[in-house]
Structure formats: structure tokens, C-alpha cells
1. If you check Glu108, Glu76, which single one turns out to be closer than 21 Å to Tyr34 by Cβ and open to solvent by 30 Å² or more (accessible area, probe 1.4 Å)?
2. For residues that are buried (at least 17 other Cβ atoms within 10 Å of the Cβ) and closer than 12 Å to Trp37 by Cβ, tally how many sit in the stretch 111-144.
3. Test each condition in (1) surrounded by fewer than 20 Cβ atoms within 10 Å (Cβ to Cβ); (2) in a strand (DSSP E or B) for Leu84 and report the one that comes out false.
4. Taking the stretch 89-101 as the region of interest, how many residues are assigned to a strand (DSSP E or B) and open to solvent by 30 Å² or more (accessible area, probe 1.4 Å)?
5. Go over the candidates Leu78, Leu67, Leu90 one by one and state the one that is over 19 Å from Pro122 (Cα atoms) and of a type outside the set (Asp, Glu).
6. For the structure I just gave you, tell me whether Gly50 is at pLDDT 90 or above and either under 20 Å from Lys119 (Cα atoms) or within 14 Å of the chain's Cα centre (by Cα) (or both).
7. Determine, yes or no, whether Thr162 is assigned to a loop (DSSP other than H, G, I, E, B), open to solvent by 80 Å² or more (accessible area, probe 1.4 Å) and either over 25 Å from Arg16 (Cα atoms) or at pLDDT 95 or above (or both).
8. Quick test for you: out of Pro54, Pro66, pick the one residue that is open to solvent by 40 Å² or more (accessible area, probe 1.4 Å) and either hydroxyl-bearing (Ser, Thr, Tyr) or touching a residue at least 12 places away in the same chain (Cβ under 8 Å) (or both).
Amino acid sequence: MKRGQKGEPVARVEQRIPAPVERVFDILADGWSYSSWVVGASHIRRVDSGWPQPGSRIHHSIGPWPLVVKDVTLVEELERRRRLVLRARLWPFGAATVRFDLTSAGAEATTVVMDEELKEGPFGLLPARVQAALLVPRNRETLLRLSDLATRPTGDATPNGTGA
């Protein structure tokens, strides 16, 4: 990844999620969930059966209708419950490397660090500080949405169990 002035990746965000690593990783491992928490993803068309094994892909659409761009995201690296590295394409604009590192912050919490760098195409030519200005706010929201999914109640339709 490109490095900023202090040796940090171009666009790094961190979020403490009050859910165990297994729960957070299960969401990352569910390719069908990506349009629920990845900012900009509007539709998942198909998920390869081996997802999230290296080489497997999510076939997605990005952007609002009718300006939808169809492309794929590919798994480059996987360490179960620890790291997922993706190559997210959005041609003709370019492609990015996105890395999620998960660390246990106790039995019921996970620290997620998300690094992203635009690497290919015209957006890959942007200076690191411009990439960070574009990506950091988006990625903060992405991790907030991931947190919302990881901490939502399971089973009952509502927290009080009434379904209303």
C-alpha cells in the first residue's frame, strides 16, 4: 500500500465493535451481506460458492440507479477471523486494495482496522492525501454499518421481543 507522510497506509480507519471476532468475521464471510454495509454497493448479483477463499469473487453493482456500474471484488488473502484482503474493481475508474484486520478486544468486542488504497486506473493516480480525503469518511461509515450488523439482535424482530 502507498504510505502517507508518517508511514501509515493511505486511508486507514479503525472501529471497536461490541461483538466477538467470530460474529464480525461471519459478516465479512457472507458475500451477500456486502450491499448492507459497504458504502456505495447497491446490489450483489452473485457470490462465488467458495467465498471468501482466495480467488473467489463477489459480482456487484456500485452506485445509484440508473448510474450503476457492474464489476467484481476478488479475495486476495484470507486468514480466518484475522484478515481479509480484497481487490475491489470499479472500471472504468480503477481498482482498490482493501484490507480488514480483526483483533479481539475481549470476549465480546473486536477492533477492526480497514485500510484502502486506490491502485489502478485514473483514481490510482491521485496523491495519497486526496485518496485519504475521499476514502476515510466513506470507510468510517462502512465500519459503522458493519458494527450495526454485528450488534443487531438475533431471533426476535424487535429488542423487546414483541415483534411490534
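The values are calculated or read from the model by the stated rules, or taken from the named source; none is laboratory data. All figures in this text were calculated on a predicted structure; none of them were measured in a lab. Positions of Cβ are generated from backbone atoms using ideal geometry, with glycine treated the same way; all protein chains shown enter the neighbour counts. Calculation scope for accessible area: heavy atoms of the full protein, side chains included, ligands and nucleic acids excluded. Shrake-Rupley method; radii C 1.70, N 1.55, O 1.52, S 1.80 Å.
1. Details: Glu108 fails: closer than 21 Å to Tyr34 by Cβ.
Going through Glu108, Glu76 in turn, just one is closer than 21 Å to Tyr34 by Cβ and open to solvent by 30 Å² or more (accessible area, probe 1.4 Å): Glu76.
2. 5
3. Leu84 satisfies every listed condition except (1).
4. From the stretch 89-101, those assigned to a strand (DSSP E or B) are 89-90, 94-101; that's our starting set.
Those still in the list that are open to solvent by 30 Å² or more (accessible area, probe 1.4 Å) too: 89-90, 99.
Residues that pass the stated criteria total 3.
5. Values: Leu67 fails: over 19 Å from Pro122 (Cα atoms); Leu90 fails: over 19 Å from Pro122 (Cα atoms).
Sole residue among the options that is over 19 Å from Pro122 (Cα atoms) and of a type outside the set (Asp, Glu): Leu78.
6. Numbers: at pLDDT 90 or above: yes; either under 20 Å from Lys119 (Cα atoms) or within 14 Å of the chain's Cα centre (by Cα) (or both): no.
Criteria not met by Gly50.
7. Working: assigned to a loop (DSSP other than H, G, I, E, B): yes; open to solvent by 80 Å² or more (accessible area, probe 1.4 Å): yes; either over 25 Å from Arg16 (Cα atoms) or at pLDDT 95 or above (or both): yes.
In short, yes.
8. Values: Pro66 fails: either hydroxyl-bearing (Ser, Thr, Tyr) or touching a residue at least 12 places away in the same chain (Cβ under 8 Å) (or both).
Answer to the selection: Pro54.
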